[in-house]
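The values are calculated or read from the model by the stated rules, or taken from the named source; none is laboratory data. Since this is a predicted model, take the numbers as computed values, not measurements. Cβ coordinates were reconstructed from backbone atoms using ideal geometry, including for glycine residues, and neighbour counts include every protein chain displayed.
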Amino acid sequence: MTAAVLTSSASRAEPTVPVCVGRILSVAGLSFGGANLFQWAVLTGTLNVHPMALALSWPVAVGVFLTTLFRIRKGSGEAGRIAAGWSRTGIMVSLAAVLALVVASATQNNWALMQAAGGVSLTVYGVAWMIAAIRTGRPMMAVVSLTAFAGVGAVFLNLGAPEQYLAAAVTLMFVALLPGIALACGDRI
């Protein structure tokens, strides 16, 4: 009986778009939330590592996220391709906003403007969830969107302090990780 189960060649059904989106959101919440938590821990002295380690946290987070995104796109059929396309759009919008901050920082010779990058990215999450709420008519998605916007407020209230990274990490838990896990498990939000 066990051999029959282990050697079964029955193919698995391909995941749906919401399941693929959930996987992507979960990884985004873990990788980017983790990078924010790492920033906070190093800046507050909670984690005793050299501050140069901060330079590695974002490249590692982006690398983990993009690697997973490519794997989901490649291994999840059409649904993975669609989910990755939407994710890529969000990444490009965030990247364009961050590049605008780089240009503004360089022209004004004020690199403190770059501290707003986390809030800008959370704004993209808020807008994306609100669009999803409007398109689907699901109120819980609007709640997630409003949570993202509240997180933006928390980040900007703590701008320049280590707590801005803690606020971003907590917000990502509520707008990416937890909804992502729910979607990946096939739940409706």
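Give the number of residues within region 149-176 that are in contact with a Leu (Cβ under 6 Å, 6 or more places away or on another chain) and either assigned to a helix (DSSP H, G or I) or without any contact (Cβ under 8 Å) to a residue 60 or more places away in the chain (or both).
Number satisfying all stated conditions: 5.
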Residues of region 144-177 satisfying the condition of being farther than 21 Å from Ala133 by Cα and under 15 Å from the mean Cα position of the chain (by Cα): Tyr165, Leu166, Ala167, Ala168, Ala169, Val170
Check on Leu146, of a type outside the set (S, T, N, Q), outside any loop (DSSP other than H, G, I, E, B), surrounded by fewer than 20 Cβ atoms within 10 Å (Cβ to Cβ) and modelled with pLDDT of 90 or more: yes
Exclusive hit being over 16 Å from the mean Cα position of the chain (by Cα), within 21 Å of Ser26 (Cβ to Cβ) and in contact (Cβ under 8 Å) with a residue 40 or more places away in the chain, set Gly180, Gly77: Gly77
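Each row is one residue, and each column tells you yes or no for (1) of a type in the set (S, T, N, Q); (2) surrounded by fewer than 14 Cβ atoms within 10 Å (Cβ to Cβ).
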residue: Asn48; (1), (2): yes, yes
residue: Trp58; (1), (2): no, no
residue: Thr68; (1), (2): yes, no
residue: Arg71; (1), (2): no, no
residue: Thr89; (1), (2): yes, yes
residue: Gln115; (1), (2): yes, no
Flag for Ala104 being in a helix (DSSP H, G or I), in contact (Cβ under 8 Å) with a residue 12 or more places away in the chain and surrounded by 12 or more Cβ atoms within 10 Å (Cβ to Cβ): no
